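What follows is one structure encoded as structure tokens, with my remarks underneath.
The values are calculated or read from the model by the stated rules, or taken from the named source; none is laboratory data. As the structure is a prediction and not an experimental result, all values here were calculated from the model. All Cβ positions, glycine included, derive from the backbone under ideal geometry; neighbour counts span all protein chains shown. Heads up: the accessible areas ignore ligands, DNA and RNA and are worked out on the full protein's heavy atoms, side chains in. Shrake-Rupley method; radii C 1.70, N 1.55, O 1.52, S 1.80 Å.
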Amino acid sequence: MSYATPTVNVRFDGNIFEGSGSVDFRVSVPERTVVASVGRFQGAVTGFSGVSGSIFVDGLNDLFMYCYDILEDIGHGASATYLINQSGETARTLAFLGTVNTVMSGDGPYNPYAWLHPVSSYQGAAIQLGIWESKYELLDAAWDLSSGNFTASREGSAGGETQQWWDTFKDAIANSKPLSGDYVMVLENNGVQDMITGAVPEPGSLALLGLGLGGLFWARR
């Protein structure tokens, strides 16, 4: 039996960076160099199929996303229909998101969705740059925005705090655990920028995660 690929219709806010802000950076991969406003995107779910509405972390009216594609574009107030790929992220992206969550959770309970809720435009920009670095850099050991397959440099003087957040995240990667892919989904459209956002695991997935954590606990004992 075959199943249709789940889809979601997204309407981006009139200010696509509503609630988080952005910082201008020159970003580059071999196929493209562009000066981009960098930060977390915001929009609303206007329709979906093949999934439950409960999969969307902050509800249908607050869909928080980051760009997972710098080869295409999306504009303020635009609408797009995306295919939902629940295994479209790379292992390096999960490693970076796990690090961001660890840093942002601090001494409190681990929050698998902390990456979706930056506390400033600078932190949001650092998270976005790290997501691009995690996807486009071909060397697994490299976490360097200044060289390699993906590079980024700030435009003007407003990006200094972004660099501080990036350094904080980068320094924590070695001692952080990757985020489980059950908490992430990629929104894909061949024509506009792809997005990466959070996903609430189905109850069955949560049970499997619990069994895995329980197995680790007993193994450690």
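For the reader, a short list of remarks on this structure follows.
- Close Cβ contacts (under 7 Å, 6 or more residues apart or on different chains) running from residues in region 122-150 that are farther than 24 Å from residue 19 by Cβ and free of Cβ contacts under 8 Å to residues at least 24 places away in the same chain to residues that are in a helix (DSSP H, G or I) and open to solvent by less than 60 Å² (accessible area, probe 1.4 Å) comprise 145/129; 145/133; 145/166.
- Residue check for residue 34: assigned to a loop (DSSP other than H, G, I, E, B) and either more than 20 Å from residue 130 (Cα to Cα) or among the aliphatic types (A, V, I, L, M) (or both): no
- Given (1) in a loop (DSSP other than H, G, I, E, B); (2) open to solvent by 30 Å² or more (accessible area, probe 1.4 Å), index of the condition residue 17 fails: (2)
- Checking 144, 107, 73 one by one, the residue that is open to solvent by 10 Å² or more (accessible area, probe 1.4 Å), assigned to a loop (DSSP other than H, G, I, E, B), under 24 Å from residue 13 (Cβ atoms) and of a type outside the set (A, V, I, L, M, F, W, C) is 73 and no other.
- The lone exception for residue 31 - which of (1) charged (D, E, K, R); (2) in contact with a strand residue (DSSP E or B) (Cβ under 8 Å, 6 or more places away or on another chain); (3) in contact (Cβ under 8 Å) with a residue 40 or more places away in the chain it fails: (2)
- Selection from region 13-54 of residues that are over 12 Å from residue 155 (Cβ atoms) and among the basic types (Lys, Arg): 32, 40
- Flag for residue 63 being open to solvent by less than 20 Å² (accessible area, probe 1.4 Å), closer than 17 Å to residue 169 by Cβ and of a type in the set (A, V, I, L, M): no
- Residues (within 14 Å of residue 11 (Cβ to Cβ) and either among the β-branched types (Val, Ile, Thr) or assigned to a loop (DSSP other than H, G, I, E, B) (or both)) located in region 37-58: 45, 46, 56
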